[in-house]
Amino acid sequence: MIDLKKIRSDFPGLQINVHGKPYVYFDSAATSQKPKMVIDAVTSYYTDYTANVHRGIYFASEKATNHYESVRAQVAQLIHASSERNIIFTKGTTESINMVAYSWARKHLKPGDEILITEMEHHSNLVPWQIAAQDTGAILKYIPITMDGTLDLSDIGLLLSPSTKLFAITQQSNVLGTVNPIKELVRKGHDMGAVVLVDAAQSVPHQSVDVQDLNCDFLAFSGHKMLGPTGVGVLYGKMEILEDMTPFHGGGEMINRVTMQESTWNDIPYRFEAGTPNIAQVIGLGAAIDYLNDIGMATVHFYEQELLAHAKNALSDIDGITIYGPENNCGAVIPFNIDGIHAADLAQFLDQDGIAVRAGHHCAQPIMDKFGVSSTVRASFYVYNTKDEVDQFIQCLNNIKKYFV
Ligand code: PMP
């Protein structure tokens with residue numbers, strides 16, 4: 001059983017009033033609120049043991065290093081990686097994917113090779129591949145989506161071929177909530193000899209993810225969407241593939257021996273963590289993982305699905321509403337429009353009632369093009385949201401509608 005009262009009291013960001021109304025935060029797909037223990041962990045690093053990691057032979061530096069490295073082990077455990085050496089800290093999903101696009105793709109792709117992605121990718125898993133394709137002469141291809149917001153896999157046999165060198169797919173769409181059959185897609189990619197990257201920005205925060213079971217080659221996610229601080233993310237990679245990448249950034253920490261002419265590289269993962277890392281943020285991410293583990297990822301997922309079903313059910317009674325995305329296999333994200341009201345207006349009216357939702361193209365313009373709309377409203381939930389908040393949201397939508405008749 002989930003203790004909502006306790007959970008809500010852990011989040012200072014939920015205690016505020018907005019325009020004189022209790023704050024309802026329905027934009028967790030963009031970034032999550034942070035529990036006090038995450039904020040405390042960050043503050044404690046700055047107040048109690050500020051020092052650089054991996055360098056100093058003194059108390060604070062050793063403590064910072066121990067905390068920083070223990071989070072690597074926590075992350076490995078969270079996503080069931082076989083070793084913490086597979087875990088590279090980055091500043092977020094975007095940087096993780098760009099690291100692969102620069103350090104792996106530019107080394108391995110040649111003219112005529114193919115990169116396969118899907119029409120439902122976030123710009124972070126699309127633009128880096130456009131640039132990599134331009135730089136290497138590779139060809140970028142897309143798996144289309146159907147009007148119900150799932151991947152159209154009818155031509156996968158043609159789209160995936162021995163020419164496909166990289167297959168990059170999201171596990172859960174940030175726009176539609178669609179949860180893709182990722183294990184099957186990884187297997188299909190491998191059958192053609194492709195390296196497979198999974199964008200897990202929207203899945204790791206909300207469900208249990210097992211990289212060994214998925215058998216993906218890379219997996220990327222961000223700390224700030226899973227109760228952690230901004231400025232920290234993860235790239236998981238299989239060791240033999242990481243070994244075959246050129247360094248992303250050059251600088252301190254990633255080297256072994258430097259002469260005037262050349263350098264040799266440090267071991268993995270440090271080879272890919274040039275310069276002083278985001279120490280406080282990594283330590284905060286560790287506290288976020290502790291927090292999620294205390295609730296249990298299965299409970300987080302189950303509760304969010306309950307909330308989603310409740311919200312979809314109530315929303316579907318609103319006249320003139322279009323809800324996008326699939327009916328099943330969906331994360332706690334509801335994209336919608338209401339006839340005659342622009343998404344941005346709706347979001348602004350909801351803000352007056354203290355309710356935060358997103359309106360726009362959600363960094364995935366190809367999906368908007370597909371549905372023939374320029375924007376949608378997106379309500380997205382996390383483990384701290386309640387059915388009462390959803391009911392309040394529905395009531396506000398019904399009130400707003402009255403202004404537009
Ligand atoms: N992929 C997906 C599916 C996302 O939802 C996001 C963030 N909205 C990203 C990638 C990029 O994450 P970040 O901005 O944290 O790098």
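The values are calculated or read from the model by the stated rules, or taken from the named source; none is laboratory data. Every value quoted in this text rests on a predicted model; they were computed, and no experiment measured them. Cβ sites come from the backbone with ideal geometry, for glycine too, and all protein chains shown count toward neighbours. Protein only, heavy atoms only, side chains kept; ligands, DNA and RNA dropped before computing areas. Shrake-Rupley method; radii C 1.70, N 1.55, O 1.52, S 1.80 Å.
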>> Based on this model, can you work out whether Pro326 counts as touching a strand residue (DSSP E or B) at 6+ places or on another chain (Cβ under 6 Å) and closer than 23 Å to Thr31 by Cβ?
In response: no
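May I ask you to verify whether Leu307 is crowded, with 21+ Cβ neighbours inside 10 Å and not in a loop (DSSP other than H, G, I, E, B)?
Details: crowded, with 21+ Cβ neighbours inside 10 Å: no; not in a loop (DSSP other than H, G, I, E, B): yes.
No; evaluated as a whole, the condition is false for this residue.
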>> Tally up the residues in the range 203-225 that are within 15 Å of the ligand (Cβ to nearest atom) and open to solvent by less than 10 Å² (accessible area, probe 1.4 Å), please.
In response: 11
> What number of residues in the range 273-296 are in contact with a helix residue (DSSP H, G or I) (Cβ under 8 Å, 6 or more places away or on another chain) and part of a helix (DSSP H, G or I)?
Replying inline: 16
> How about the range 119-143: which of its residues are farther than 20 Å from Gly372 by Cβ and in contact with a Lys or Arg (Cβ under 8 Å, 6 or more places away or on another chain)?
Replying inline: Ala132, Asp135, Thr136, Gly137, Ala138
>> Of everything in the range 254-276, what is open to solvent by less than 70 Å² (accessible area, probe 1.4 Å) and under 23 Å from His224 (Cβ atoms)? Give them in sequence order.
In response: Pro269, Phe272, Glu273, Ala274, Gly275
> All but one of (1) part of a strand (DSSP E or B); (2) over 25 Å from Gly13 (Cβ atoms) hold for Val234; which doesn't?
Replying inline: (2)
> Is it the case that the range 386-393 has a residue that's open to solvent by less than 10 Å² (accessible area, probe 1.4 Å) and in contact with a Lys or Arg (Cβ under 6 Å, 6 or more places away or on another chain)?
Replying inline: no
> If we keep just the residues of the range 278-288 that are out of contact with any Pro (no Cβ under 6 Å at 6 or more places or on another chain) and open to solvent by less than 30 Å² (accessible area, probe 1.4 Å), which is farthest from Thr65 (Cα to Cα)?
Replying inline: Ala288
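Could you check the range 55-147 for strands (runs of 3 or more DSSP E) lying wholly inside it with 3 or more residues that are open to solvent by 40 Å² or more (accessible area, probe 1.4 Å)?
On the way: elements: 87-90, 114-118, 139-143.
The strands (runs of 3 or more DSSP E) meeting that bar are 139-143.
Given the condition open to solvent by 70 Å² or more (accessible area, probe 1.4 Å), among the hydroxyl-bearing types (Ser, Thr, Tyr) and either within 16 Å of the ligand (Cβ to nearest atom) or not in a loop (DSSP other than H, G, I, E, B) (or both), answer yes or no: does some residue in the range 7-15 qualify?
Narrowing the range 7-15 to residues open to solvent by 70 Å² or more (accessible area, probe 1.4 Å): 9, 15.
From the residues that got through so far, the ones that are among the hydroxyl-bearing types (Ser, Thr, Tyr) too are 9.
Now drop any that are not either within 16 Å of the ligand (Cβ to nearest atom) or not in a loop (DSSP other than H, G, I, E, B) (or both), which leaves 9.
Yes, some residue in the range 7-15 is open to solvent by 70 Å² or more (accessible area, probe 1.4 Å), among the hydroxyl-bearing types (Ser, Thr, Tyr) and either within 16 Å of the ligand (Cβ to nearest atom) or not in a loop (DSSP other than H, G, I, E, B) (or both).
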> Which condition breaks for Arg257 when tested against (1) part of a loop (DSSP other than H, G, I, E, B); (2) farther than 30 Å from Phe381 by Cα; (3) at pLDDT below 95?
Replying inline: (1)
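Take the conditions open to solvent by 20 Å² or more (accessible area, probe 1.4 Å), over 30 Å from Val383 (Cβ atoms) and modelled with pLDDT of 95 or more and apply them to His249. Does it pass? So that I can check it myself, show each step before the final result.
Working: open to solvent by 20 Å² or more (accessible area, probe 1.4 Å): yes; over 30 Å from Val383 (Cβ atoms): yes; modelled with pLDDT of 95 or more: yes.
Here the answer is yes, as His249 does meet what is asked.
Which count do you get for residues in the range 353-390 that are among the acidic types (Asp, Glu) and in contact with a helix residue (DSSP H, G or I) (Cβ under 7 Å, 6 or more places away or on another chain)?
The total comes to 1.
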> Does the range 159-214 hold any residues that are closer than 23 Å to Tyr324 by Cβ and assigned to a helix (DSSP H, G or I), and which are they?
Replying inline: Ile182, Leu185
> If you take the residues of the range 189-202 that are under 14 Å from Glu114 (Cβ atoms) and either β-branched (Val, Ile, Thr) or open to solvent by 10 Å² or more (accessible area, probe 1.4 Å) (or both), which of them is farthest from the ligand (Cβ to nearest atom)?
Replying inline: Gly193
> Taking the stated definitions as given, is Val282 within 16 Å of the ligand (Cβ to nearest atom), in contact with a strand residue (DSSP E or B) (Cβ under 7 Å, 6 or more places away or on another chain), in contact (Cβ under 8 Å) with a residue 60 or more places away in the chain and over 25 Å from Trp129 (Cα atoms)?
Replying inline: yes
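For the range 80-114, give me the residue count where each residue is of a type outside the set (D, E, K, R) and within 16 Å of the ligand (Cβ to nearest atom). Lay out the reasoning, then the answer.
Keep residues of the range 80-114 that are of a type outside the set (D, E, K, R), which gives 80-83, 86-90, 92-94, 96-105, 108-109, 111-112.
Then drop every residue that is not within 16 Å of the ligand (Cβ to nearest atom), which leaves 88-90, 92-94, 96-102.
Within the range 80-114, residues that are of a type outside the set (D, E, K, R) and within 16 Å of the ligand (Cβ to nearest atom) number 13.
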